[in-house]
Amino acid sequence: MIEALIFDKDGTLFDFRLSWGAWTRNLLAELGDADGRLAQVLGYDSARNDFAADSPVIAMTTPEIADILLPHLPGMRLEELLERMNQLAADAPMVPAVDLPVVLGALRARGLKLGLATNDTEIPARRHLAGAGVLELFDFVAGCDSGFGGKPAPGQLLAFVAQCGLTPGRVAMVGDSLHDLDAGRAAGMQAVAVLTGIAVRADLEAHADVVLTDISGLGPWIDGLAAV
């Protein structure tokens, strides 16, 4: 049976387009992307506020995105770019994909442990959870800079298991991208896909145990497992 859930953040707890479209627009404005070259590098369509399916913003870590941008920013230091990216991320207006206090509170009331594993950095991640009023519901929060690596490697997920004394097979990784699902598989967890990111059902279903519209479907899914 499921005894714990570990969530991706962006595209899973928060609507990806509505939240990270604003971050991307602000970053491009600060970097002076008048000709749209950097937007193309990031796979971002500013007219539609949408991302290409292979956009690095969707699944890569903040340092990985910075590494992609830096060759197009002569004279800028990596440390300077990372600082601005992280500050903009911390201040980004996050739009919850569902009523997070209600949905996560109900999962917590079932006795489930809750964790977060994000390729964002940890300080912005904690700020986003706090802003949504749910930080205190989480037993574990890890970003790509927390010492466990980033997804699709399973380090963050295994750290959650170790810290909370869990059995991997009784934990589900919940996410909106193949990076999330692959990390869950590598950690020996069940893999739950949600459709509040950029990927569509056809992209995810072969890699997931179940595909849900959003995380509000987790309770009924867990009940279904118990009934089998």
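Worth pointing out:
- Cβ-defined net charge surrounding P96, 12 Å radius [Lys, Arg +1; Asp, Glu -1]: -3
- Sites counted here are trypsin sites (Lys or Arg not before Pro) in a DSSP loop (not H, G, I, E or B) having no more than 10 other Cβ atoms within 10 Å; the longest part of the chain that contains none of them is 78-228.
- nm² value of the averaged projected area, convex hull over the Cα atoms of segment 76-149: 5.4
- Per residue, in Å², the accessible surface of segment 89-228 once ligands and nucleic acids are set aside, probe 1.4 Å: 40
- Computed over the chain, the quotient of the alpha carbon radius of gyration and 2.2 N^0.38 Å is 0.99.
- Computed over segment 92-222, Cα set: Rg, Dmax in Å: 13.7, 35
- The smallest convex shape that holds all Cα atoms of segment 114-164, its convex hull, gives 62 Å³ per residue.
- q = 0.21, 0.25 Å⁻¹, segment 17-86: log10 I(q)/I(0) [Debye, one scatterer per Cα]: -0.87, -1.28
- For V194, nonlocal amide neighbours, meaning residues 5 or more places apart or on other chains whose placed amide H falls under 5 Å from its own, are G175, D176, L212.
- Ranking A191, F160, A4 by how far each Cα lies toward the positive end of the dipole of the chain (charges on Cβ) leaves A4 at the top.
- Here the accessible area is traced with a 1.4 Å probe on the protein chains. For segment 143-228, carbon and sulfur cover 55 percent of it.
The values are calculated or read from the model by the stated rules, or taken from the named source; none is laboratory data. The model shown is predicted, which means the values in this text are computed figures rather than measured ones. Methodologically, a virtual Cβ is constructed for each residue, glycine included, from the backbone with ideal geometry; neighbour enumeration extends over all protein chains shown. Quick note on the areas: whole protein, heavy atoms, side chains included, nothing else; ligands and nucleic acids left out. Shrake-Rupley method; radii C 1.70, N 1.55, O 1.52, S 1.80 Å.
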